[in-house]
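J.: Let me begin by handing over the structure; questions about it come next.
The values are calculated or read from the model by the stated rules, or taken from the named source; none is laboratory data. Just so we're clear, the structure is a prediction, and the values are computed from it rather than from any experiment. We place every Cβ from the backbone using ideal geometry, glycine too, and count neighbours over all the protein chains shown.
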Amino acid sequence: MAARINYSVQNTLCLLNPLNYPVNAKTTHFKTGLNFSKNLIFPRKLKRPTFCTCAVSNNDRQSSEAAETFVLTTPLYYVNAPPHMGSAYTTIAADAIARFQRLLGKKVIFVTGTDEHGEKIAAAAAAAGSTPSQHCDVISQAYKTLWKDLEISHDKFIRTTDPKHEGIVKEFYSRVLDKGDIYRADYEGLYCVNCEEYKDEKELLDNNCCPMHLKPCIERKEDNYFFALSKYQKQLEENLRQNPNFVQPPFRTNEVQSWIKSGLKDFSISRASVDWGIPVPNDNKQTIYVWFDALLGYISALSVEKEQPDLQTAVSSGWPASLHLIGKDILRFHAVYWPAMLMSAGLDLPKKVFGHGFLTKDGMKMGKSLGNTLEPNELVHNFGSDAVRYFFLREVEFGSDGDYSEERFINIVNAHLANTIGNLLNRTLGLLKKNCQSTLVVDSAVAAEGNALKDAVEKLVEKARIHYENLSLSSACEAVLEIGNAGNAYMDENAPWTRFKQGGAASEAAAKDLVVILEAMRIVAIALSPVAPSFCWRIYEQLGYSKDHFNSVTWSGTKWGGLKGGQVMAQPKPVFARIENKTELEEEAATRKPVKSKQKKPQAQVAAEAAESLISRN
Ligand code: MSP
């Protein structure tokens, strides 16, 4: 078990010169002998720098009309049970991508939501002793709450029980019917309720068990409406030929190609045995198959706030999607069924479908049906959203499977966030406070002339950008972390603490070194913000910026030279508290002599102090 050490990150932004050291535009720093830059803005009365002079580069932030729109979706999550870490994973990844695209200045429409119809949901509601509708309200709300705790910045949240969505599904169904692609027939097969899908006997394990859910499929015979998928075989093949990047990562394209090549069977798009669903137009004895219904949520979400949206309004509000982010288990629905449905309705196809891997526990897909899940609320509560987001995006290569272990989790976030980045920032600010009154002595562009760290940072941040663009989220994190490593190496090589003691030119050089490292930290704060937004804001705040400034920053702000001479840093405070293993803390406490005090300190305070002392020791 691990416990998070709490401390207050409510770092008061130091807008004024923190030491109240009076300076004017011609002030010479008393220890370094360096002049402050002349472009500082000094209010007459104060005669000291009030705030940073850096301009926000808004080159990337185009007007919303002119900006390219990036429409990104997560799957709509089944509400049979509350979210688990596997469901949160897709959404965290989508959020990082959405935030990155916003940094590029694009207008982003980030869609998520819940899939609320079908047999599986009705059964879950009955088991919980509630009506399907009450059950959906509760679980859908649990998703919304978790998304808030994980700082998910979605723009739309669609519930498939929303009447506006239902209207659009019926309209779409009627279009496909008019196209002649829906017919009625008997169907007999093996059905997996957890997948909400008829299965091919060849795919099943012994006793007709579904390989994903390890539960037997049920024999079903129904008189259903069918969608003529087979009609679209050639067009689907053609789409893959013309858009070789349609399915990502590239290795999943082969899988999709082979499904199509092996011959596509028409599939049933209605259920006679399921009441909890949208009635089939002109036949209310049947409901629309949950997948046919839910996939349309990607379109209906786009106009969910409009009074009476129809299919056309929804489509013209942002369709086609730029990217569907999904788990690999639902690739067939997104890369075969959905494109064919869209072709039939005469609508554009999404530009890209990315199928990521699974979070596993003991090698098995973590899931609600198997009950081997990891509780995201608990993780967020114990370790904070930045740690959770960072760990899963950094540790699991996006596209492949990844296993969770608490030990690894703690080691990674401590090493990367608390030490490599957090501790470097804290040490640098500590030295700046001691030797330069927390004030930058020169512009970062000037400080870094001919500096090797600057060159390294520029290369690494460009690497991070390319990785984000390619959805290689783990590699993007790695590139940013490398900036932290380079900063630490620079600090150790130049040992500014020694040079400050030498005074004169050595002291001047040391003061410049601190500016260089802090500029690297500023760039880290922008480049890692898609992954760990609050953590990055705390870095930014330490560098003396306002929240508005942070919120309006763009990727072009990663260009070297943002920090200007005269900018006053905040009081150094740790931006990430190390996570301590409870056992470690307990051992440490046991070896300490008992304190003779009537009043015991609260646990949280003890932990916060322990964190502070650990960080300052480093
Ligand atoms: N309701 C459908 C999606 C309809 S989209 C129009 C569905 N829902 S789900 O709740 O079962 O799964 C939602 C997403 O969570 C899927 O992308 C799935 O791959 C993902 N995950 C569920 N368990 C997972 C892991 N253990 N690991 C990673 N992602 C997993 O399918």
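J.: Hey, Gly371 hits all of (1) assigned to a loop (DSSP other than H, G, I, E, B); (2) more than 10 Å from the ligand (Cβ to nearest atom); (3) surrounded by fewer than 20 Cβ atoms within 10 Å (Cβ to Cβ); (4) in contact (Cβ under 8 Å) with a residue 12 or more places away in the chain but one; which does it fall short on?
T.: Tallying (1) assigned to a loop (DSSP other than H, G, I, E, B); (2) more than 10 Å from the ligand (Cβ to nearest atom); (3) surrounded by fewer than 20 Cβ atoms within 10 Å (Cβ to Cβ); (4) in contact (Cβ under 8 Å) with a residue 12 or more places away in the chain, Gly371 fails exactly one: (4).
J.: Tell me yes or no: at least one residue of the range 242-253 is modelled with pLDDT of 95 or more and farther than 26 Å from Gly357 by Cβ.
T.: There is at least one residue in the range 242-253 that is modelled with pLDDT of 95 or more and farther than 26 Å from Gly357 by Cβ.
J.: Identify the single condition in (1) in a helix (DSSP H, G or I); (2) closer than 30 Å to Ser400 by Cα that Pro530 does not satisfy, given that it satisfies every other one.
T.: All conditions pass for Pro530, except number (1).
J.: While we're looking at this one, here's another question. Taking only the range 98-132 into account, find how many residues are touching a Leu at 6+ places or on another chain (Cβ under 6 Å) and of a type in the set (A, V, I, L, M, F, W, C).
T.: Selection size over the range 98-132: 2.
J.: Please identify the pairs in which a residue from the range 336-364 that is within 18 Å of Ala294 (Cα to Cα) has its Cβ atom under 7 Å from the Cβ atom of a residue that is among the polar types (S, T, N, Q) and assigned to a helix (DSSP H, G or I), counting only partners at least 6 apart or on another chain.
T.: These pairs meet every condition: Pro339/Asn239; Met343/Gln235; Leu349/Asn239.
J.: Can you tell me which residue is farthest from Leu325 (Cα to Cα) among those in the range 464-512 that are outside any helix (DSSP H, G or I) and of a type in the set (A, V, I, L, M)?
T.: Ala495
J.: Can you pull out the residues in the range 74-101 that are touching a residue at least 40 places away in the same chain (Cβ under 8 Å), outside any loop (DSSP other than H, G, I, E, B) and either over 13 Å from Ile152 (Cβ atoms) or of a type in the set (Lys, Arg) (or both)?
T.: Pro75, Leu76, Tyr78, Met85, Gly86, Arg99, Phe100
J.: Quick one: count up the residues across the range 311-365 that are within 11 Å of the ligand (Cβ to nearest atom) and in a helix (DSSP H, G or I).
T.: Counting residues in the range 311-365 that are within 11 Å of the ligand (Cβ to nearest atom) and in a helix (DSSP H, G or I) gives 8.
J.: A further question on this structure: Across the range 533-559, what is the number of residues that are under 23 Å from Ala495 (Cβ atoms) and not in a helix (DSSP H, G or I)?
T.: Result for the range 533-559: 1.
J.: Which strands (runs of 3 or more DSSP E) does the range 180-297 wholly contain that include 2 or more residues that are in contact (Cβ under 8 Å) with a residue 24 or more places away in the chain and farther than 30 Å from Met364 by Cβ?
T.: Hits in the range 180-297: 182-192, 218-227, 283-288.
J.: Let me ask another. Any idea how many residues of the range 88-128 are of a type in the set (Val, Ile, Thr) and more than 25 Å from Glu378 (Cβ to Cβ)?
T.: 4
J.: Quick one: what pairs do we get from the range 317-328, first residue of a type outside the set (Phe, Trp, Tyr), second more than 8 Å from the ligand (Cβ to nearest atom) and in a loop (DSSP other than H, G, I, E, B), C-beta under 6 Å, 6+ apart or different chains?
T.: Pro320/Asp348; Pro320/Pro350; Ala321/Pro350; Ser322/Lys351; Leu323/Lys352; His324/Pro350
J.: Among (1) surrounded by fewer than 19 Cβ atoms within 10 Å (Cβ to Cβ); (2) under 18 Å from Glu255 (Cβ atoms), there is one condition Tyr337 misses while meeting the rest; what is its number?
T.: (1)
J.: Quick one: which residue in Gly484, Gly557, Gly562 is under 21 Å from Ala418 (Cβ atoms), touching a helix residue (DSSP H, G or I) at 6+ places or on another chain (Cβ under 7 Å), in contact (Cβ under 8 Å) with a residue 24 or more places away in the chain and buried (at least 20 other Cβ atoms within 10 Å of the Cβ)?
T.: Exactly one of Gly484, Gly557, Gly562 is under 21 Å from Ala418 (Cβ atoms), touching a helix residue (DSSP H, G or I) at 6+ places or on another chain (Cβ under 7 Å), in contact (Cβ under 8 Å) with a residue 24 or more places away in the chain and buried (at least 20 other Cβ atoms within 10 Å of the Cβ), namely Gly484.
J.: Starting from the range 495-519, take each residue that is more than 26 Å from Tyr540 (Cβ to Cβ) and list its partners that are among the basic types (Lys, Arg) and part of a loop (DSSP other than H, G, I, E, B), counting only C-beta distances under 7 angstrom and pairs at least six apart or across chains.
T.: Ser507/Lys31
J.: Can I ask one more? Identify, please: which residue in the range 272-302 is among the polar types (S, T, N, Q) and under 21 Å from Asp178 (Cβ atoms) and is, among those, nearest to the ligand (Cβ to nearest atom)?
T.: Ser300
J.: Looking at the range 425-436, can you tell me whether even one residue there is within 30 Å of Asn581 (Cβ to Cβ), touching a Cys at 6+ places or on another chain (Cβ under 6 Å), in a helix (DSSP H, G or I) and of a type in the set (Lys, Arg)?
T.: The answer is no, given that none of the residues of the range 425-436 is within 30 Å of Asn581 (Cβ to Cβ), touching a Cys at 6+ places or on another chain (Cβ under 6 Å), in a helix (DSSP H, G or I) and of a type in the set (Lys, Arg).
J.: Please determine, by comparing only the residues of the range 461-470 that are of a type in the set (A, V, I, L, M, F, W, C) and crowded, with 22+ Cβ neighbours inside 10 Å, which one is farthest from Phe246 (Cα to Cα).
T.: In this case the residue turns out to be Val461.
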